[in-house]
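The values are calculated or read from the model by the stated rules, or taken from the named source; none is laboratory data. Predicted model only: the values in this text are computed from it and were never measured. Counting neighbours? That spans all protein chains shown, and the Cβs are built from the backbone with ideal geometry, glycine included. Just so you know, the surface numbers come from the protein's heavy atoms only, side chains and all, with ligands and any DNA or RNA stripped out. Shrake-Rupley method; radii C 1.70, N 1.55, O 1.52, S 1.80 Å.
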Amino acid sequence: MSTVVDNSQVLSGLTDRFVAIFGDERGISYFFSPGRINLIGEHTDYNGGYVFPASITIGTTGLARLRDDHKVRLYSENFPEIGIIEFDLADSGVKDGNSWSNYVKGMITVLKEAGYKIDSGFEFLIQGEIPTASGLSSSASLELLVGVTLNDLFKLNVPRLELVQLGQKTENEFIGVNSGILDQFAIGFGEVKKAILLDCNTLKYEMVPVELRDYDIVIMNTNKPRALAESKYNERFSETREALKRLQTKLPITALAELSNAEFDANVDLINDTMLIKRARHAVYENNRTKIAKKAFVSGDLTKFGDLLNASHASLKDDYEVTGIELDTLAETAQKQPGTLGARMTGAGFGGCAIVLVAHDRVAAFEKAVGDIYEKTVGYPASFYVAQIGSGATKLDVN
């Protein structure tokens, strides 16, 4: 799978579409923003913990240019039936139902609130390759695509960390999903063949070379629509916040991730609610797994890393309860296949994707075996992709 950056045919086709929709090709600039996988550290980001994501070469491409009036005109190749969405720059703070244009409006709004000057309209065509509802973070990919596009068009010179934080602010305040910063950070700071160990509490991060030797990371997409993900995500957010509040009656902590497993176990009585204990235990244990996983990964102990992936999935299934039959079938079937070291769901859950570490020469047999069992169990096929780890959101150099 090549990156969209190298795919001049794709860009040429999108240029033709831009001309067909917006009239000509004068002054077009090209941009790309990836999706992401999270190797381990799930639902830890909004609990002040560590995450271990990487940006991938599947993502969202954008073509844009300035206008000399205040009209913003948008078109998505993914929703051709909607046609051109048009609004005046002055109306960028007004949400438009559940339209994808809200991601554009949200980024304009938060950039202006942060003091950046966006003083004319623009035309913007996008095409997303990230499967809808896959949990590979199509929304953060779009937020950062809009961010790098506006940054370039209006010469804003926004520091990358601020752009990432404004992407999260759009997700939280404009779209209304209480996500942490994992997705936007991975997409903003991604590098080829590197994963990012990020402390979501301090935003300190380390770029970790991805050395898989004879193994591949395979993304397994359930192809299940994730209609409930946002409401359930917000539910888990409040459950862990409530558990934290109860622990804070005795413990001087600001986030669940500050606790070791032993400290958590010694203080569960403070929470005094079985369901909340399970939610908080996942956040604490997963954070500590992530720290161990990074060490295992760096020292080349992929077997240990695989064991931690399996433990992460079990915790997401039993304590956090965000998996479901589709993700469980994929991950648990994958774990039993020859040549695999470990598998787990990745992303918010309730559908979306799982990842697996599988020997390179076993990938084809693995996909067939897991695919057959999944289709028999769930009633429709899964999709498989070998994850290529690529660069973060950027302007493309197109000659």
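One Cα centroid belongs to segment 112-159, the other to segment 324-388; the line between them spans 32 Å. Listed here are the pairs Lys155/Lys395; Lys245/Lys278; Lys232/Lys376; Lys155/Lys204; Lys204/Lys295; Lys71/Lys155; which of them are more than 21 Å apart at the Cα? Violating the 21 Å Cα-Cα cut-off are Lys232/Lys376; Lys155/Lys204. Against the chain, whose longest principal axis comes from its Cα atoms, helix 302-318 is set at around 90 degrees. Each semi-axis of the equivalent ellipsoid for the chain is √(5λ) with λ an eigenvalue of the Cα gyration tensor; in descending order they amount to 35, 26, 19 Å. Under 19 Å from a label point set 7 Å out along the Cα-to-Cβ vector of Tyr380, the amide N atoms of segment 329-344 belong to 329-331.
Measure up Lys169/Lys317; Lys193/Lys304; Lys95/Lys291; Lys169/Lys336 against 32 Å on the Cα-Cα distance and list the ones that go over. Numbers along the way, then the final one.
On the way: Lys169/Lys317 29 Å; Lys193/Lys304 20 Å; Lys95/Lys291 39 Å; Lys169/Lys336 40 Å.
Distance filter (> 32 Å) returns Lys95/Lys291; Lys169/Lys336.
Quick one: Kirkwood hydrodynamic radius for segment 1-97, alpha-carbon pairs, angstrom, one decimal? It is 16.4 Å. Of the peptides 273-280, 10-17, the order by per-residue mean of other Cβ atoms within 10 Å, starting with the highest, comes out as 273-280, 10-17. A Cβ-based charge dipole, computed about the Cα centre of segment 261-399 with Lys and Arg at +1 and Asp and Glu at -1, lands at about 360 debye. For Ile21, the solvent-accessible surface with a 1.4 Å probe is about 30 Å², rounded to the nearest 10.
How about segment 82-117: which trypsin sites (Lys or Arg not before Pro) there lie in a loop by DSSP and see at most 15 other Cβ atoms within 10 Å? All intermediate terms of the calculation are to be shown ahead of the outcome.
Numbers: sites: Lys95, Lys105, Lys112, Lys117; in loops: Lys95, Lys117.
Qualifying residues, ordered by number: Lys95, Lys117.
Largest first, the extents of the alpha carbon coordinates of segment 299-387 on the three principal axes equal 37, 31, 20 Å.
Placing +1 on the Cβ of every Lys and Arg and -1 on the Cβ of every Asp and Glu, with no other charges, gives segment 117-267 a dipole of roughly 260 debye about its Cα centre.
In segment 163-265, how does Rg compare with the Kirkwood Rh, expressed as the Rg/Rh ratio over alpha carbon atoms? Rg divided by Rh gives 1.02. Placing one equal scatterer on every Cα of segment 29-69 and applying the Debye formula, the log10 ratio I(q)/I(0) at q = 0.22, 0.24, 0.27, 0.30 Å⁻¹ is -0.75, -0.81, -0.89, -0.97.
Rank Pro225, His43, Phe32 by how far each Cα sits towards the positive end of the charge dipole of the chain (+1 on Lys, Arg Cβ; -1 on Asp, Glu Cβ) and give me just the farthest. It is His43, whose Cα lies furthest towards the positive end. All alpha carbon pair distances within segment 210-364 were sorted into 5 Å bins beginning at 0; the resulting P(r) in whole percents reads 1, 10, 17, 19, 17, 15, 11, 6, 3, 1, 0. Across the chain, C-alpha contacts under 8 Å between residues 6 or more apart give a mean separation that, scaled by the residue count, equals a relative contact order of 23 percent.
Given +1 on the Cβ of Lys and Arg, -1 on the Cβ of Asp and Glu, and no further charges, what dipole in debye does the chain carry about its Cα centre, rounded to the nearest 20? Let's see the in-between values first.
Values: 41 positive and 53 negative charges, 119 e Å.
Once rounded to the nearest 20, the dipole reads 580 debye.
Put +1 on the Cβ of each Lys and Arg and -1 on the Cβ of each Asp and Glu in segment 283-343; which of Gly300, Ala314, Thr290 then has its Cα farthest toward the positive end of the dipole? Ranked along the dipole, the leading option is Gly300.
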